[in-house]
Amino acid sequence: MLIPTVPETKPIKLSVRNMAFSYGEKKVLDGLSLDIHAERVTAIIGPSGCGKSTFLKCFNRIHEVSSAVNVSGDMLMDGVDIYRGGIDEVDLRRRVGMVFQKPNPFPKSIYENVAFGPRLFGVSDRTSLDGIVEDALRKAALWDEVKDRLKESATGMSGGQQQRLCIARALAVNPEVLLMDEPCSALDPIATAKIEDLIGELKENLTIVIVTHNMQQAARVSDYTAFFWLGKLVEMDLTERIFTTPRVQMTEDYITGRFG
Amino acid sequence: MPIGSTLAHPAGIQPGGSRKADPMPDVLETSLTAVPANGGGGSAESRPTVPQAAESPAFRHSRTHRLADRWAHLAFLSCSLLVVGLIGGILFFLASRGLAAFWPVAGNMGRALHLSEVFLSADWAPSSDRFGILPFIAGSLGVTGLALLIAAPAGILTGVFIAKMAPAWMRNLMRQVMDLLVGIPSVVYGIFGLTVVLPLVSHTWLADAPASGFAVSAVILAVMIVPTIVSLSTDAFESLPSSLDEGAQALGSSRWQAIWHVLIPAARPRLLTAAVLGLGRAIGEAMAVQMVIGNNPQWIALMRESTDRAPFLRALFTPAATLTTELVQELPNTAAGSTWNNVLFAMGLLLYLLTMVLILATRRLGRGKEA
């Protein structure tokens with residue numbers, strides 16, 4: 001189901017074809033095909049347990065950290081298969097950043113959190129690091145709040161600040177894609193609004209895929225919306241159309257709150 | 001019947017024998033509620049008369065309970081006081097005998113020693129009235145430090161492996177094995193050292209004579225304390241949220257980088273606690289060390305004299321002694337009240353204080369974790 005037919009000027013960044021995913025014997029995703037455009041925000045919505053988070057995690061193969069999984073079909077980034085195209089998962093994760101459901105800053109200073117990624121990739125001189133850290137914190141709209149206390153522990157920040165720090169940390173390695181797994185589910189409305197504003201700014205030069213259970217949020221922040229149900233893609237279209245004139249009855253039932 | 005009248009009689013007794021609310025708990029309550037309720041009417045002719053609260057069996061029951069409570073309280077209190085008293089008593093006993101070495105006390109057979117000739121001298125020859133205990137202090141610190149140097153990295157890495165890498169079946173097995181190993185009596189480790197490890201290295205390029213000394217003792221001690229460190233560091237790593245691990249790897253860390261740069265620093269306070277507890281166990285160990293260290297109080301002098309081997313080999317394989325081994329060796333052979341005996345007590349006191357410092361250090365580290 002490759003629906004978007006409007007004139008799209010941005011190239012396709014991620015492309016999924018007939019993809020299926022299973023944990024051991026348990027099939028979680030099946031027959032998925034969709035395209036994600038560069039410099040756009042794509043929201044994935046659907047009821048709990050529909051496999052939307054699992055799908056997101058396939059793009060940086062982070063689920064391989066904790067369990068044995070099996071992915072079939074094609075998942076391409078810039079035309080290269082991220083599972084079989086000879087891409088090392090560590091390199092992949094550098095290009096595809098991720099922000100998790102609950103803010104997970106390292107128990108280190110604010111500065112060290114942001115500098116963590118660049119250090120891994122061999123940036124060690126102080127001036128470059130300082131520049132990268134400031135830049136990332138500015139992009140994450142956090143610089144003004146923390147510039148005087150970069151040496152303080154990140155775990156002492158508020159939840160919203162922690163989440164923006166995690167975004168800054170992901171941005172510091174200059175990824176091409178940013179995956180966000182319900183990034184506001186642990187935050188209050190004000191912190192949520194800040195993150196949503198941020199998403200709007202970040203898409204200028206980043207491909208963003210966001211999983212959310214909050215349909216208003218999907219409507220506010222995304223350009224495209226994909227609706228998942230029971231591990232299958234029901235419908236994907238421009239967000240505007242999904243929320244006004246969905247073509248599948250089930251999508252309409254879900255977004256009007258009749259189930260899920 | 002107005003509610004007010006019930007409230008006016010908290011014991012639930014109505015003058016006319018009719019009653020509605022019974023605030024008294026226990027058996028009486030159930031037997032009364034078993035009678036069909038009759039809408040608050042006054043027809044209560046067949047019900048048993050409820051005794052005054054003070055006379056009720058339930059009340060007497062609770063009074064005996066309170067008495068028992070008081071006795072239990074007393075028992076618990078006296079037990080804990082006994083323990084505190086014992087610990088304080090031991091300290092007092094050690095201090096009074098140990099410090100007697102330095103003060104002219106009545107009933108002291110020997111002379112009062114100067115602090116510097118005990119703590120700053122390496123010359124231990126009690127029969128010639130020379131009581132330098134520096135060799136034992138250095139021996140204790142050396143052998144435990146060396147043991148920790150071996151055991152801490154090994155234990156912490158094993159902890160990482162069990163908590164973060166091993167499959168479930170192996171994790172369970174390893175945890176149980178570690179718990180078992182903690183309980184093995186130290187003399188067993190000593191036998192192992194004496195009969196297996198010592199012959200293995202004696203008369204080799206490492207040691208041209210029997211290989212007693214720091215090296216073998218430290219290895220045996222390390223084997224002894226590794227299970228403690230493994231157990232505690234496994235707990236430390238398991239208590240870390242998996243989001244830390246995922247977060248690090250999502251940034252492009254390899255497994256090993258995530259462990260080294262994120263997990264170990266995050267667990268540091270608890271890992272330090274594990275190491276210090278291991279150190280505490282090592283420094284107090286007498287039996288296993290005594291069996292393999294060689295028990296030579298003059299080891300510092302011996303090391304200075306012999307120049308035939310590389311200095312580090314000499315340091316590792318010269319028969320030596322520690323505070324604990326010297327106490328075990330000599331205390332039964334000295335007369336109470338003699339200077340020799342008093343100095344041995346001073347060594348005991350020193351050990352006591354060292355252990356105390358270590359325990360306080362662990363508590364501080366533990367608190368640092370919560371802050």
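The values are calculated or read from the model by the stated rules, or taken from the named source; none is laboratory data. Note that this is a predicted model, so its numbers are computed, not measured. All Cβ positions, glycine included, derive from the backbone under ideal geometry; neighbour counts span all protein chains shown. The accessibility values were calculated without ligands, DNA or RNA, using every heavy atom of the protein model including side chains. Shrake-Rupley method; radii C 1.70, N 1.55, O 1.52, S 1.80 Å.
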Matching residues, the stretch B:172-195, being of a type in the set (Val, Ile, Thr) and either closer than 14 Å to B:Ser212 by Cβ or not in a helix (DSSP H, G or I) (or both): B:Ile184, B:Thr195
Flag if B:Ala320 is in contact with a Pro (Cβ under 9 Å, 6 or more places away or on another chain), buried (at least 17 other Cβ atoms within 10 Å of the Cβ) and touching a residue at least 40 places away in the same chain (Cβ under 8 Å): yes
Neighbours by Cβ (under 7 Å, 6+ apart or cross-chain): first from the stretch A:233-247, under 18 Å from A:Gly31 (Cβ atoms); second at pLDDT 90 or above and open to solvent by 20 Å² or more (accessible area, probe 1.4 Å): A:Val234/A:Val248; A:Val234/A:Met250; A:Glu235/A:Pro246; A:Glu235/A:Arg247; A:Glu235/A:Val248
Candidate set from the stretch B:241-263 (those that are more than 8 Å from chain A (Cβ to nearest Cβ) and aliphatic (A, V, I, L, M)); member that is surrounded by the most Cβ atoms within 10 Å (Cβ to Cβ): B:Ala258
Search result, residues across the stretch B:149-167 that are aliphatic (A, V, I, L, M) and open to solvent by less than 60 Å² (accessible area, probe 1.4 Å): B:Ala151, B:Ala152, B:Ala154, B:Ile156, B:Val160, B:Ile162, B:Ala163, B:Ala166
Residue in the stretch B:181-197 that is within 19 Å of the chain's Cα centre (by Cα) and surrounded by fewer than 12 Cβ atoms within 10 Å (Cβ to Cβ) present: yes
Residues that are assigned to a strand (DSSP E or B) and open to solvent by less than 30 Å² (accessible area, probe 1.4 Å), drawn from the stretch A:79-88: A:Asp81
Output for the stretch A:193-212, where each listed residue is buried (at least 18 other Cβ atoms within 10 Å of the Cβ) and in contact (Cβ under 8 Å) with a residue 60 or more places away in the chain: A:Ile199, A:Leu202, A:Lys203, A:Leu206, A:Thr207, A:Ile208, A:Val209, A:Ile210, A:Val211, A:Thr212
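Every residue, every condition in (1) within 19 Å of A:Ile190 (Cβ to Cβ); (2) away from chain B (no Cβ under 14 Å); (3) without any contact (Cβ under 8 Å) to a residue 12 or more places away in the chain, yes or no:
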{"site": "A:Ile110", "(1), (2), (3)": "no, yes, no"}
{"site": "A:Gly122", "(1), (2), (3)": "no, no, yes"}
{"site": "A:Thr127", "(1), (2), (3)": "no, yes, yes"}
{"site": "A:Gly131", "(1), (2), (3)": "no, yes, yes"}
{"site": "A:Ala140", "(1), (2), (3)": "yes, yes, no"}
{"site": "A:Glu145", "(1), (2), (3)": "yes, yes, no"}
{"site": "A:Leu150", "(1), (2), (3)": "no, yes, no"}
{"site": "A:Gly159", "(1), (2), (3)": "yes, no, no"}
{"site": "A:Cys166", "(1), (2), (3)": "yes, no, no"}
Selected residue [among the aromatic types (Phe, Trp, Tyr) and either open to solvent by less than 40 Å² (accessible area, probe 1.4 Å) or closer than 30 Å to B:Arg171 by Cα (or both)] from B:Phe312, B:Phe237: B:Phe237
B:Pro210 vs. criteria surrounded by fewer than 23 Cβ atoms within 10 Å (Cβ to Cβ), farther than 30 Å from A:Arg169 by Cα, more than 14 Å from chain A (Cβ to nearest Cβ) and at pLDDT 90 or above: no
